[in-house]
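Only one structure is covered here, and it is reproduced in the block below.
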Amino acid sequence: MADPLLFNPRTYDPAQFDPDTRRLLRATVDWFEDRGKRRLIEDYRSRAWLADFLAFAAKEGLFATFLTPASAAGHKDQRWDTARIAALNEILGFYGLDYWYAWQVTILGLGPVWQSDNAAARTRAAELLAQGEVFAFGLSEKTHGADIYSTDMLLTPDGDGGFRATGSKYYIGNGNAAGLVSVFGRRADIEGPDGYVFFAADSRHPAYHLVKNVVDSSKYVSEFRLEDYPVGPDDVLHTGRAAFDAALNTVNVGKFNLCTASIGICEHAMYEAVTHAHHRILYGRPVTAFPHVRRELADAYVRLVGMKLFSDRAVDYFRSASPDDRRYLLFNPMTKMKVTTEGEKVIDLMWDVIAAKGFEKDTYFAQAAVEIRGLPKLEGTVHVNLALILKFMRNHLLHPAEFAAVPTRLDAADDTFLFEQGPARGLGSVRFHDWRPAYDAYTGVPNVARFREQADALCEFVATAAPDEEQSRDLDLLLAVGQLFALVVHGQLILEQARLTDLDEDVLDELFSVLVRDFSAFAVELHGKDSATVDQQRWALGAVRRPVVDEARSGRVWERVEALSGAYEMAP
């Protein structure tokens, strides 16, 4: 029997979606399964461009259906629906991050277009999607990275109402094949934010020079250069401060996709790892008979379940966002930072078990172990996103506001607000609902209650021992505090989703035993920081807790893990 908490291609039926979405998701799974594991791995090893996958997506209208908002739609099933986008992220991650990456950077490339009032550019984008084209997001540069304050892509007025663009971009996915590249630059004749410009370029134009793929991968992460590239009025997407906001708001939309891609990678790797370990005999016993192996695989399993619960619940806040409800601005960097780093831990735990098997060329695990590292480092590093969530900590923990309950959002609706986010500022004023009721609903689960003690202790820390002005310049110390805060938010949304889905309390208790250990470890890390005060050191050690141990509960969770052996294996 398949585990209902994990994606399994053998039993997958996304019945929660409308018929056309179900058809497209299932068709995608079937396309990969029909190709088989040998071809999947060989394409990865040979760094083959994804022409066959993109041909399939074009034939089925996959990208056009999922990435055309209703305002630009050509048929009724086209909309920007974060729930089904998340489902496709998971599938593509399950089969290979290269496939997901071509889709992800198409999403980023479309962000400035769908936020634009340029009707010609929007129509052009919809037509390109219908033709099966991919898109690219030309923001990052070799010298400055994604520091958009320092862009060297210069636009010089041509005297006829347009510009000539010259400059280079770096780390630009799909830059080799994009029908439209959204490029960020600045006018040479205007200083400051008023000079910013987002414009559309075509990778096939003679003035667009593809330099190289900067990575050794099927993912085409390009360096390209524009030389005197003509930018007409129909190519200009945003100017001034609106261009700056479009860049940040596009990243808000795109960074969310990293969490579900990470989940897909971990799920496929877990089937392989558990199956291998369960059938390998050492000293006359299956590897899974050893207590440390059971602990590592069980920890990996519950961490993966936590990743899925948090991400599924974050979808609801993303889809329900509005100018008056911007809670997604916290949960979004959490999906990017916390869920993806959890993915690294899941892979590491399993790799410790399967050891040398994880290097073998005929496994999915070998590529999973490499690709899982990339997700925490895309769309802003873990450190950047930790620093971002700290802006919300005091309001979230200490100053809750009233909000109507957010339901599960699987309806076939267009998520229009994502392209109407407005100015990218005012994060410190964002308010949140009270986090405590989510924990109060599970006071009878021992490790949830134990973790709640730690969460309450963090509130005490913020109220009485928070970093002072001088310490606030010590990012090393602040990041340790950010990790503690992230755990509380992580637990909150896990519990909300657990309640909505009636999660098995054994799994929840085992998961929170892991979170209790994590909180204690980060508290000890804070204790050891150079600039931690005596009061902060005392608080940190006082926040350390031991999880509640229950051998019977752990045994029941292990049975779920053991049942994954042989539950799925990709056809040769």
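Contact map, the stretch 33-51: first residue in contact (Cβ under 8 Å) with a residue 60 or more places away in the chain, second residue basic (Lys, Arg) and surrounded by fewer than 13 Cβ atoms within 10 Å (Cβ to Cβ), Cβ cut-off under 8 Å, separation 6 or more or different chains; pairs are 41/361; 45/361.
When 339, 384, 370 are checked against the criterion of being surrounded by fewer than 16 Cβ atoms within 10 Å (Cβ to Cβ), in a helix (DSSP H, G or I), at pLDDT 95 or above and out of contact with any Asp or Glu (no Cβ under 9 Å at 6 or more places or on another chain), 370 stands alone in meeting it. For the condition over 23 Å from the mean Cα position of the chain (by Cα) and in contact (Cβ under 8 Å) with a residue 24 or more places away in the chain, residue 274 qualifies.
Of everything in the stretch 176-202, what is β-branched (Val, Ile, Thr), crowded, with 22+ Cβ neighbours inside 10 Å and over 10 Å from residue 136 (Cβ atoms)? Give them in sequence order. Across the stretch 176-202, the qualifying residue is only 197. Out of 277, 356, 298, one residue alone is of a type outside the set (D, E, K, R) and in contact with a Phe, Trp or Tyr (Cβ under 9 Å, 6 or more places away or on another chain). It is 298.
Residue 379 satisfies every condition listed in (1) assigned to a helix (DSSP H, G or I); (2) crowded, with 23+ Cβ neighbours inside 10 Å except (1). All of 348, 312, 362, 352 fail the test of being open to solvent by 50 Å² or more (accessible area, probe 1.4 Å) and assigned to a loop (DSSP other than H, G, I, E, B), apart from 362.
For (1) at pLDDT below 95; (2) of a type in the set (D, E, K, R); (3) in contact with a helix residue (DSSP H, G or I) (Cβ under 8 Å, 6 or more places away or on another chain); (4) open to solvent by 40 Å² or more (accessible area, probe 1.4 Å), each residue gets a yes or a no:
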{"position": "210", "(1), (2), (3), (4)": "no, no, no, yes"}
{"position": "218", "(1), (2), (3), (4)": "yes, no, yes, no"}
{"position": "228", "(1), (2), (3), (4)": "no, yes, no, yes"}
{"position": "231", "(1), (2), (3), (4)": "no, no, no, no"}
{"position": "246", "(1), (2), (3), (4)": "no, no, yes, no"}
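Determine whether the stretch 404-419 contains at least one residue that is touching a residue at least 24 places away in the same chain (Cβ under 8 Å), assigned to a helix (DSSP H, G or I), β-branched (Val, Ile, Thr) and open to solvent by 40 Å² or more (accessible area, probe 1.4 Å). Yes: the stretch 404-419 contains one or more residues that are touching a residue at least 24 places away in the same chain (Cβ under 8 Å), assigned to a helix (DSSP H, G or I), β-branched (Val, Ile, Thr) and open to solvent by 40 Å² or more (accessible area, probe 1.4 Å).
Which of the numbered conditions does residue 171 fail, given that it passes all the others? Conditions: (1) in a strand (DSSP E or B); (2) of a type in the set (Ser, Thr, Tyr); (3) open to solvent by less than 50 Å² (accessible area, probe 1.4 Å). Residue 171 satisfies every listed condition except (3).
Each row is one residue, and each column tells you yes or no for (1) farther than 29 Å from residue 131 by Cβ; (2) touching a residue at least 12 places away in the same chain (Cβ under 8 Å).
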| position | (1), (2) |
| --- | --- |
| 168 | no, yes |
| 171 | no, yes |
| 178 | no, yes |
| 182 | no, yes |
| 187 | yes, yes |
| 190 | yes, no |
| 198 | no, yes |
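Of all residues in the stretch 411-443, those satisfying the criterion of being of a type in the set (D, E, K, R) and out of contact with any Pro (no Cβ under 9 Å at 6 or more places or on another chain) are 411, 425, 440. Of all positions in the stretch 103-119, at least one carries a residue that is surrounded by fewer than 24 Cβ atoms within 10 Å (Cβ to Cβ), free of Cβ contacts under 8 Å to residues at least 60 places away in the same chain and not hydroxyl-bearing (Ser, Thr, Tyr). Checking each residue in the stretch 222-239 for being within 27 Å of residue 117 (Cβ to Cβ) and either free of Cβ contacts under 8 Å to residues at least 60 places away in the same chain or among the hydrophobic types (A, V, I, L, M, F, W, C) (or both) picks out 224, 226, 231, 236, 237, 239. Of the helices (runs of 4 or more DSSP H) that lie entirely inside the stretch 22-88, those containing 2 or more residues that are closer than 15 Å to residue 416 by Cα and either in contact with a helix residue (DSSP H, G or I) (Cβ under 6 Å, 6 or more places away or on another chain) or open to solvent by less than 60 Å² (accessible area, probe 1.4 Å) (or both) span 62-67.
Which residue is nearest to residue 465 (Cα to Cα), if the candidates are limited to the stretch 550-572 and must be aliphatic (A, V, I, L, M) and touching a residue at least 24 places away in the same chain (Cβ under 8 Å)? Per the criteria, the residue is 557.
Has the stretch 469-491 got at least one residue that is among the polar types (S, T, N, Q) and without any contact (Cβ under 8 Å) to a residue 24 or more places away in the chain? Yes, the stretch 469-491 contains at least one residue that is among the polar types (S, T, N, Q) and without any contact (Cβ under 8 Å) to a residue 24 or more places away in the chain. In this structure, does residue 452 turn out to be surrounded by 15 or more Cβ atoms within 10 Å (Cβ to Cβ), of a type in the set (D, E, K, R) and part of a helix (DSSP H, G or I)? So residue 452 fits the description; yes.
The values are calculated or read from the model by the stated rules, or taken from the named source; none is laboratory data. Treat the numbers as computed from the prediction; the structure is a model and nothing was measured. Glycine gets a Cβ as well: all are built from the backbone with ideal geometry, and neighbour counts include every protein chain shown. Heavy atoms of the whole protein, side chains included, go into the accessibility calculation; ligands, DNA and RNA do not. Shrake-Rupley method; radii C 1.70, N 1.55, O 1.52, S 1.80 Å.
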